[in-house]
1. Pull up the DSSP beta bridges for the chain and report the antiparallel fraction as a percent, rounded to 5.
2. Could you work out how much longer the chain between Gln270 and Arg155 gets when fully extended? Use 0.36 nm per residue separation minus the Cα distance between them, nm to one decimal.
3. Take the alpha carbon atoms of the range 110-151, find their center, do the same for the range 201-220, and report the distance between the two centers in whole angstrom.
4. Given 0.36 nm per residue, what is the gain on full extension from Ala293 to Arg204 after removing their alpha carbon distance, in nm?
5. When only Cα pairs under 8 Å and 6 or more residues apart are kept, what is the percent relative contact order across the chain?
6. Simple spin-label model, 7 Å along Cα-to-Cβ: Thr90 to Gln225 in nm?
7. How would you order 105-115, 73-83 from highest to lowest mean count of nearby Cβ atoms within 10 Å?
8. Quick check on packing: order 188-201, 136-149 by the mean number of other C-beta atoms within 10 Å, highest mean leading.
Amino acid sequence: MKTEESMMIRLASDTESETSFAKAPNKLIKVDGTTFAYRDLGPRGGIPLVLLNHWGAVLDNFDPRIVDGLSRTHRVVAVDYRGIGSSGGTAPVTVDEMARDTIALIRAMGFDQVDLLGFSLGGFVAQDVALKAPGLVHKLILTGTGPAGGQGIDRVGAMSWPLMLKGLLTLRDPKTYLFFTPTTNGRRAARAFLKRLKERQTARDKGPTPRALLRQLEAIKAWGQQAAQDLSGLRMPVLIANGDNDIMVPTVLSRDMARRIPNAQLVIYQDAGHGGIFQHHSDFVPKALEFLAH
């Protein structure tokens, strides 16, 4: 490893624990010629928890309540995929490539083993990482996500574009419609979630480019169309969580993964959609912490 890269990693490791995601500094690390952006907070020691986010997400799209809650007892590292946010390079068009990036990034950070939490697209990547490098992954949390070849995943774009247009026409963030149910509870949860995403006032991440969004969508479509993977190969403990009405990655796929993964626990939140863990963060965080602790 180059001296410059070693220094970056050493500085990242020696940094004092940050108290909140809203104030955690943006950091960069170069891996195989590509610069990756990340934020790193929580106590040092133990197995770090790496967060992998949804289609088009940058660092500012991680829910601060979830990150802050998890980082009270765990070192949490939130990352930008290649070609997204402040990370360099071009966004991959396959989950396979994103998983290989993630494995290289984890190893470049000097971690021998990590826990992974993947939301939506991040859940696709997390599964693939765990199958490619099982010794690297201690525990796995899969939220709002589904397996390779899962029915409906290849239609994420077709389903999303009309609701993204609706967001534009109603002057609302499209995540209002994509992540939450159209009920009183769902709309209230959407407003609270979107407000939390704005808590960070300075040094915010760069938004995704249209090209990166389209390339990531190609990766999602390909994941939905590829052959199913043998999820019985996931021998580590796995926690699966979703809302009962996920219109982006159908909830039935969470149940399917829970049946196919040997050591899986399943949590389904009522009157909740794709962003069920955001709507029910006060329940999800303790469940996730208990899962990680045992």
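Every read-out reported here was derived from the displayed coordinates using simple, explicitly stated rules and does not represent laboratory data. All values reported here derive from a predicted model rather than from experimental measurement. No Cβ is skipped: glycine too gets one built from the backbone with ideal geometry, and neighbour counts run over all protein chains shown.
1. Around 30 percent of the beta bridges assigned by DSSP in the chain are antiparallel ones.
2. Length gained, Gln270 through Arg155: 39.0 nm.
3. Result: 20 Å between the Cα centres.
4. Length difference between fully extended and current span is 28.9 nm.
5. 19
6. Rounded to a tenth, the inter-label distance reads 1.9 nm.
7. My ranking of the peptides, most packed first, is 73-83, 105-115.
8. Ranking the peptides 188-201, 136-149 by packing returns 136-149, 188-201.
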